[in-house]
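I have placed the structure first, in the form of structure tokens, so that the comments after it can refer back to it.
The values are calculated or read from the model by the stated rules, or taken from the named source; none is laboratory data. None of the values given here were measured: they were computed from a predicted structure. Every residue, glycine as well, gets a Cβ built from its backbone with ideal geometry; the counts of neighbours run over all protein chains shown. Heads up: the accessible areas ignore ligands, DNA and RNA and are worked out on the full protein's heavy atoms, side chains in. Shrake-Rupley method; radii C 1.70, N 1.55, O 1.52, S 1.80 Å.
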Amino acid sequence: MSLSTPARVRRPRPAWLSPAVFRTEALSGLVVALALIPEAVSFSIIAGVDPRLGLFASFTMAVTIAFTGGRPAMISAATGAVALVVAPLVHTHGVQYLLAAVVLGGVFQVLLAVAGVARLMRFLPRSVMVGFVNALAILIFLAQLPYLTGVQWPVYALLAVGLVIMVGLPRLTQVVPAPLVAIIALTTFTLVAGVSVPTVGDEGALPDSLPVPGVPDVPLTLETLRIVAPYALAVALVGLLESLMTAKLVDGITDTRSDKTRESWGQGVANVVTGVFGGMGGCAMIGQTMINVRSGARTRLSTFLAGVFLLVLVVVLGDVVALIPMAALVGVMVMVSVGTFDWHSVRPSTLRRMPKSETAVMVVTVVATVTTHNLAIGVVAGVLTAMVLFARRVAHLVTVEGTPSSDGTAKVYRVTGQLFFASSNDLVFRFDYPHDPATVVIDLSGAQIWDASTVAALDAITAKYAARGTEVTITGMDAHSAERHARLAGNLGDTH
């Protein structure tokens, strides 16, 4: 008697094993790696550290997040937002304290992920998202201007040719990414023609060896924790904010859904690894992510290869990469900024239809972000503006209508709308205390009680009527409103 062996369950074949997909992912990763080099060098200068720290961070972030992240095809590397956060720490205490802050910031991100911080993304209004995207596009463009000021005229000519290639080539073929063609073509031309223009090599020294792991050389004391912890928390919050908003943006572009909680702790693990390997820390990068996604990448392979290609380019082929004209990479980033900006949001027809409050939130987000060069500040400003305008709008939707009862022995006040601190503060003035009969009914069947401010207002109304000998009955509350009212009524202090 023979025993039958159970059928082996065949796992689905990874998409990147397809030759066509692999080619797309590899070419996209190469373009991203080339675009990461000047950005990493620039962010290192902002942070006040050696360019190697930015380049090593871009390598370790990209490779680690390819395995731990929740959003396929999203690029994480050294970023300007993190550089701005850590620059004061580097200035006052040095690089080793920076590395300690990056490691601790990664630990904070893992803890925040476990606490469910990713779920807070649902509270971001669409107008804040649009403002975030538009502000990023503006910042990406503004970051290119230093490379276009005080330079020779050939720089502008090369930039123009690069833009023509990237605009025109996709209309002819999409077999290879247009940005890669532009970079190769412009580099070849400058070398053959002997044109002298600023190159990647002029931005700073490129590393000539692999990063080596090590523990940050700082005293393990409470004083060190006091110094490092505020910066680490800032790195964690800014990094998660940028990463989760970028992931949400890519979700919309690719019509796929990603795991935001996994992305949160994945970013934390990536920062811990980056700090251990001597990198300056980072998070998701909207510009490079847009390059990757718009080049056709959809899997983690492009993210992984972007990090690998970056390291190979700067360590093995550093002399060749140093010859790439900055005009070529500036052209790539200009196209990214144009493609990132939500042009539909600023069309006159859209602005006419859009509520003024929504437009105001978008403008506040953009202005705050561009002014401070800090995405976190811009998003917080946008969210706070949205909350205030929403509360103001909803508060005006509360109505109170008083009519005599059918038998004429009582007066019924029908309250309609959402009752919370903004709408209930003047509720006490909507009743005719001196002229109402001995019985008053407050009908809340068309309203909801959301906070203690509303319960306090109802207590004040009841007290004012009681002082005149009027009996008040509150009816029509839904289950949640009734539970909140029963728990808080009469327990909120003096209501007179």
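Of all the C-alpha pairs in the stretch 207-361, what % are more than 22 Å from each other?
Numbers: 7095 of 11935 pairs.
Of all Cα-Cα pairs in the stretch 207-361, 59 percent lie more than 22 Å apart.
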Among the Cα-Cα pairs of the stretch 93-215, the proportion with separation greater than 18 Å, in percent, is 75 percent
For LYS411, the lysines lying under 17 Å Cα to Cα, once residues fewer than eight places off in the same chain are dropped, come out as LYS464
With +1 at each Lys and Arg Cβ and -1 at each Asp and Glu Cβ, the charge dipole magnitude of the stretch 192-309 around its Cα centre, to the nearest 20 debye, comes out at 480 debye
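What is the stretch 339-441 by shape, rounded, prolate or oblate, if you read a ≥ b ≥ c off the alpha carbon gyration tensor as root eigenvalues and call it rounded for a/c under 1.5, prolate for a/b larger than b/c, and oblate otherwise? It would help to have the intermediate numbers written out before the result.
Numbers: a/c = 5.78, a/b = 2.88, b/c = 2.00.
It comes out prolate by the Cα gyration axes.
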One can check that the equivalent ellipsoid of the chain, built from the alpha-carbon gyration tensor with semi-axes equal to the square roots of five times its eigenvalues, has lengths in Å, largest first, of 55, 26, 24
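Using DSSP H assignments, which helices in the chain have an axial alpha-carbon span of 27 Å or above and a mean Kyte-Doolittle hydropathy of 1.0 or higher? Could the numbers behind the result be given before it?
Working: long enough: 19-47 (40 Å, 1.51); 95-114 (29 Å, 2.17); 153-172 (29 Å, 1.75); 222-254 (46 Å, 1.26); 375-395 (30 Å, 1.91).
Helices meeting the span and hydropathy rule in the chain are 19-47, 95-114, 153-172, 222-254, 375-395.
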Projected onto the charge dipole of the chain (unit charges on the beta-carbon of Lys, Arg, Asp and Glu, signs +1, +1, -1, -1), the Cα from ALA115, GLY382, LEU191 with the largest positive-side position is that of LEU191
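With the alpha-carbon atoms as the only input, what is the per residue convex hull volume for the stretch 422-496 in Å³? The partial results should precede the final answer.
Working: hull volume 6.5 nm³, N = 75.
About 87 Å³ per residue, rounded to a whole number.
Quick one: plug the Kirkwood hydrodynamic radius of the stretch 268-350 (C-alpha pairs) into Stokes-Einstein at 10 °C, 1.306 mPa s, and report D in µm²/s.
On the way: Rh = 15.5 Å.
This corresponds to a translational diffusion coefficient of 103 µm²/s.
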SASA check, VAL315, accessible area w/ 1.4 Å probe, all protein chains in place, rounded to nearest 10 Å², comes out at 40 Å²
Sorting THR60, PRO179, PRO154 by the position of each Cα along the dipole of the chain (Lys, Arg +1; Asp, Glu -1; all at Cβ), the one nearest the positive end of that ordering is PRO179
In the stretch 206-289, taking the dipole from +1 charges on Lys and Arg beta carbons and -1 charges on Asp and Glu beta carbons about the Cα centre, the listed residue (VAL250, GLY279, LEU220) farthest towards the positive end is VAL250
Using the Kirkwood formula on alpha carbons, the hydrodynamic radius of the stretch 149-273 in angstrom works out to 19.7 Å
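Please give the peptides 425-431, 178-184, 275-281, 206-212 ranked by average Cβ packing (other Cβ atoms within 10 Å per residue), highest first, as a rough proxy for protection.
275-281, 178-184, 425-431, 206-212
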